[in-house]
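Structure record follows, encoded as structure tokens.
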4 protein chains.
Amino acid sequence: MRSRTTPDTPRTGRPRSAEADEAILEATRAALVELGWSKLTMGDVATRAGVAKTTLYRRWANKNELVVDAVAVLFDQLELPDLGSLQADIEHVVLQFAGLLERPETKTALMAVVAESTRDAPLRERIRASIVDRQKRLVLDGRRRAQERGELPSEREPLTADAIDDLIFDVVAGAVVHRALVSAEPVDAQWVARLSALLVGGLGAVAALG
Amino acid sequence: MRSRTTPDTPRTGRPRSAEADEAILEATRAALVELGWSKLTMGDVATRAGVAKTTLYRRWANKNELVVDAVAVLFDQLELPDLGSLQADIEHVVLQFAGLLERPETKTALMAVVAESTRDAPLRERIRASIVDRQKRLVLDGRRRAQERGELPSEREPLTADAIDDLIFDVVAGAVVHRALVSAEPVDAQWVARLSALLVGGLGAVAALG
Amino acid sequence: MRSRTTPDTPRTGRPRSAEADEAILEATRAALVELGWSKLTMGDVATRAGVAKTTLYRRWANKNELVVDAVAVLFDQLELPDLGSLQADIEHVVLQFAGLLERPETKTALMAVVAESTRDAPLRERIRASIVDRQKRLVLDGRRRAQERGELPSEREPLTADAIDDLIFDVVAGAVVHRALVSAEPVDAQWVARLSALLVGGLGAVAALG
Amino acid sequence: MRSRTTPDTPRTGRPRSAEADEAILEATRAALVELGWSKLTMGDVATRAGVAKTTLYRRWANKNELVVDAVAVLFDQLELPDLGSLQADIEHVVLQFAGLLERPETKTALMAVVAESTRDAPLRERIRASIVDRQKRLVLDGRRRAQERGELPSEREPLTADAIDDLIFDVVAGAVVHRALVSAEPVDAQWVARLSALLVGGLGAVAALG
DNA sequence: AGTTAAGCGAGACGGTACGTCAAGTCTTCAG
DNA sequence: CTGAAGACTTGACGTACCGTCTCGCTTAACT
């Protein structure tokens with residue numbers, strides 16, 4: 001996750017302030033909480049961070065890239081402790097993810113930058129690198145553990161395994177986001193239990209397809 | 001789906017032009033295709049529709065409400081023909097939905113208005129009424145047919161049935177959106193087959209929870 | 001003196017506010033007094049005039065054109081009452097002109113726009129039309145009266161007469177401006193008397209050149 | 001003409017580069033020619049001179065002081081060769097001065113810095129010291145020679161003589177500048193002949209005032 | 001048939017934010 | 001301490017849209 005343009009030869013001249021970087025990202029998150037994505041302005045973020053607007057633009061090309069970086073770090077807090085069963089592991093991570101999506105800074109920002117990314121390839125790539133791909137580890141870890149426990153068969157072909165991992169990732173992330181943001185209904189224990197049951201119950205059928 | 005502010009007393013004076021309405025929505029879709037949501041401007045839509053800006057604002061309060069109405073009608077084209085099995089029905093509707101999300105006007109608009117709706121309750125309500133709730137019919141019809149065919153047990157409690165319908169809706173819609181817009185991977189036949197297998201295979205486990 | 005772009009067909013649409021025009025010019029003069037030309041900003045003028053910046057730019061292309069219009073009207077106040085002799089007439093108008101140049105709004109603005117006009121042909125033309133050419137009337141009137149009084153011979157050729165009028169204009173205006181702004185010395189009665197004497201005394205020699 | 005801040009104790013450390021000084025002034029003149037005063041930037045001058053911005057600011061407080069120094073040296077090129085008569089001497093120097101004002105670097109710079117000086121006393125003083133007062137020598141020399149030739153009486157009081165010198169200076173410089181920059185008409189031989197005739201013819205009348 | 005109230009196109013209006021640019025200062029490293 | 005490099009704060013720039021308003025004109029429904 002390279003958050004800014006890294007100069008190739010930053011030999012001479014006054015170096016960029018490292019404090020400014022963190023102050024800006026923190027100010028961005030604060031502005032997202034108070035104003036939401038669409039009312040967040042670069043000038044306001046600069047003021048909050050105690051920094052000039054030009055300093056923002058020296059580091060990030062536009063609002064969306066800044067917001068992605070500001071929010072990305074939050075997603076790295078997701079963890080997958082070993083709770084003893086696949087179903088429990090899934091429920092835990094889904095609840096964690098739902099908690100993250102309830103935070104106003106993620107709720108307002110995530111969909112907005114994804115929407116923008118449909119027309120902005122560099123942004124799409126940045127989202128993928130900074131957020132999406134980094135969280136696939138959760139699926140990989142969960143599957144590996146389930147195989148070690150014997151809950152899932154382990155002799156599958158690597159290509160198929162990857163495809164199923166991707167499917168699970170899209171289903172879990174998509175379902176939670178849709179529930180939370182589109183349907184605007186709570187992601188409570190009962191809903192999580194049903195989703196987990198669906199996944200655990202259906203995985204066998206998927207694997208059987210080959 | 002009330003597409004505009006309906007005046008309470010439309011008694012006297014010149015009536016609103018019905019042609020203008022459709023021209024505006026069509027112009028909005030065209031602008032979405034060419035410019036995307038974030039670069040679409042009200043002035044541009046008005047010009048494309050051959051209409052004054054005033055005329056737009058007399059009918060829609062702002063850009064988001066207009067975009068929701070312009071896009072909503074596209075979602076009504078989704079159908080669920082009886083293909084003989086639950087798995088086939090699901091695969092069919094998922095492919096149709098994916099096709100819809102690949103259209104540039106929906107791709108750019110859907111996530112954007114949902115993002116805005118996280119901070120705008122009336123907009124959230126309009127999205128729900130114009131788009132989301134209207135498509136739940138697909139899940140209801142599919143489930144009813146599967147029960148008629150005997151693929152699913154029919155004696156479930158109504159409340160649980162509703163909850164499972166909602167779950168399926170969020171999983172299907174969420175997964176497809178996430179695959180198409182976030183992961184930015186193609187929703188092809190193989191992926192659809194795996195998703196359908198997961199659902200059909202998992203439904204039993206979910207129903208067993210009661 | 002066309003103070004703004006006059007649309008050829010201002011048939012439709014909301015008409016421009018006439019009050020805004022005068023408020024802006026008045027605000028410009030006030031800003032010149034307080035801040036001088038180089039620290040005058042378009043935003044500040046707009047604020048003082050209680051008008052949006054866009055309204056300024058809709059009427060004037062840039063700061064210099066605005067300043068020329070704001071100042072031009074002041075030069076129209078110069079008059080040439082008949083005081084009975086050429087020398088007295090000259091002294092009177094020179095003192096009036098010096099008084100005008102002592103006003104802070106003219107002092108700071110006149111040289112600045114002339115400086116800019118060396119690189120901006122449209123501005124040069126506007127200055128000529130709005131300020132310079134309009135004041136040549138003073139020279140014409142003064143000469144005509146002197147001829148009527150018999151102080152100057154009247155049978156000169158028109159072309160030569162024009163050339164001498166121009167010379168007198170440049171000498172009087174140039175000398176006063178140079179004294180006031182470059183030498184920064186007072187234009188007092190004694191200096192004016194000497195300048196007038198120089199002119200009246202020298203005019204015969206110039207006319208003799210043919 | 002002290003062109004820069006002279007450090008009182010230039011004892012220790014690396015000495016300032018003398019070459020840099022001339023490179024900067026030359027770069028300033030080049031920038032004036034290409035861009036004019038208002039578009040000349042300190043950063044651009046520094047780049048042209050192959051020097052850091054810091055180096056500029058260590059020597060000149062701001063853009064205007066730099067420009068005055070860059071241009072002042074050009075005015076020192078004016079000379080007053082003895083051509084045998086007052087009229088000829090005046091015509092010669094006026095043509096020289098007009099030639100100087102036609103150069104793009106002086107044309108754009110002179111009026112601009114004078115305009116700025118109306119609100120900036122130190123700048124006014126610098127202009128006076130570097131440019132204005134230095135050229136009064138031309139008037140003094142011309143007058144002295146005319147007296148030696150017997151074209152002008154020599155027994156005048158010193159104070160009156162000074163005042164007349166100043167008047168002539170303002171009239172000549174002012175008239176030429178006004179003709180060249182405000183009226184934007186050529187300073188050709190005929191115009192110069194008329195101006196000279198006016199002066200020579202009028203001087204007697206002025207001297208008669210006492 | 002005439003009145004009348006709303007619709008309509010046009011475009012000016014007060015705002016807010018944009019992204020850029022230059023001024024002049026500060027910080028680092030190299031000599 | 002000088003000097004090059006370049007990051008920094010500040011503040012204005014001129015533009016683009018927003019959503020509102022004010023015109024003069026048009027149009028159908030109700031007298």
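Values quoted throughout were computed directly from the atomic coordinates according to the rules given, and no laboratory measurement underlies them. Small disclaimer: the values here were computed from a predicted structure and weren't measured. When we count neighbours, we look across all protein chains shown, and the Cβ atoms used for this are built from the backbone with ideal geometry, even at glycine.
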| field | Neighbour cut-off at most 15 other Cβ (10 Å), DSSP loop, GluC sites (Glu not before Pro), region C:56-97 | value | C:E79
| query | Given 20 °C and 1.002 mPa s, how large is the Stokes-Einstein diffusion coefficient of chain D in µm²/s, with Rh as the Kirkwood radius over Cα pairs? | reply | 113 µm²/s
| said: Defining the label point at 7 Å along Cα→Cβ, can you sort the distances from B:V33 to the same site in each other copy, shortest first, in nm? | reply: 4.4, 5.7, 6.1
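Suppose R0 equals 30 Å. What FRET efficiency, 1/(1 + (r/R0)^6) with r the Cβ-Cβ distance, do D:D133 and C:E34 give to the nearest 0.05?
Details: r = 31 Å, r/R0 = 1.03.
The pair D:D133/C:E34 has a calculated efficiency of 0.45.
Using a Förster distance of 60 angstrom, determine the FRET efficiency expected from the C-beta separation of A:Y57 and C:E79, and round it to 0.05.
Efficiency, from the Cβ-Cβ distance: 0.60.
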| query | Looking at the axis that maps chain A onto chain C, which chain A residue has the closest Cβ, and how far off is it in Å, rounded to a whole number? | reply | A:G43, 7
| field | Overall dimensions of region B:85-210 as given by Cα atoms, namely Rg and Dmax in Å | value | 15.4, 44
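Give the relative contact order (percent, whole number) for chain B; include only Cα pairs under 8 Å separated by 6+ residues. Working shown, then result.
Working: 165 pairs, mean separation 45.6, N = 210.
Relative contact order, chain B: 22 percent.
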| query | To the nearest 10 degrees, how steeply does helix A:133-149 sit against the main Cα axis of chain A, on a 0 to 90 scale? | reply | 20 degrees
| Along the positive direction of the dipole of region B:1-135 (beta-carbon charges: Lys, Arg +1; Asp, Glu -1; about the Cα centre), which of B:V71, B:A115, B:A18 reaches farthest? | B:A18
| request: Give the long-range amide H neighbours of A:L83: residues separated by 5 or more places, or on another chain, with amide H under 5 Å away, using H modelled in the peptide plane at 1.01 Å from N. | output: A:D89
| field | Shape metrics for the protein assembly as shown, restricted to C-alpha atoms - Rg then Dmax, Å | value | 41.0, 132
| task | Report the charge-dipole magnitude of region A:46-121 in Debye, nearest 20, computed about the Cα centre from +1 at each Lys and Arg Cβ and -1 at each Asp and Glu Cβ. | result | 700 debye
| Taking a label point 7 Å from Cα toward Cβ, how far is C:P186 from its twins in the other copies, in nm, shortest first? | 4.3, 8.6, 9.1
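For region A:18-59, take N as its residue count and report Rg(C-alpha) divided by 2.2 N^0.38 Å.
Values: Rg = 9.3 Å, N = 42, 2.2 N^0.38 = 9.1 Å.
Scaled against compact globular proteins, the figure is 1.02.
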| task | Would you be so kind as to identify which of C:P104, C:S130, C:V94 lies farthest towards the positive end of the dipole of region C:64-182, taking Lys and Arg as +1 and Asp and Glu as -1 on Cβ and the Cα centre as origin? | result | C:P104
| said: Per-residue Cβ counts within 10 Å, from other chains only, averaged over A:107-117: what number is that? | reply: 6
| Suppose every K and R has +1 on its Cβ and every D and E has -1 on its Cβ; what is the size of the dipole of region B:67-210 about the Cα centre, in Debye to the nearest 20? | 160 debye
| field | Proximal lysines to D:K53, defined as alpha-carbon separation beneath 29 angstrom and excluding residues fewer than eight positions away on the same chain | value | A:K53, C:K39, C:K63, D:K39, D:K63, D:K107
| said: I'd like the Karplus ³J(HN,Hα) series for region B:18-33: coefficients 6.51, -1.76, 1.60, θ = phi - 60°, whole numbers in Hz, and an x wherever there's a Gly or Pro. | reply: 6, 4, 4, 3, 5, 4, 5, 5, 5, 4, 4, 4, 4, 5, 4, 4
| Per-residue HN-Hα couplings for region A:74-86, Karplus 6.51 cos²θ - 1.76 cosθ + 1.60 at θ = phi - 60°, whole Hz, x for Gly and Pro? | 5, 6, 6, 6, 5, 9, 10, x, 7, 9, x, 8, 4
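In debye, nearest 20, what is the charge dipole magnitude of region D:18-59 about its Cα centre with +1 on Lys and Arg Cβ and -1 on Asp and Glu Cβ, if you could check?
Details: 6 positive and 6 negative charges, 42 e Å.
The dipole magnitude comes to about 200 debye.
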| Span from the region C:120-140 Cα centroid across to the region B:48-107 one, whole angstrom | 63 Å
| Taking θ as phi - 60°, what are the ³J(HN,Hα) couplings along region A:42-50 by the Karplus curve (6.51, -1.76, 1.60), each to the nearest whole Hz, with x for Gly and Pro? | 4, x, 5, 4, 4, 4, 4, 7, x
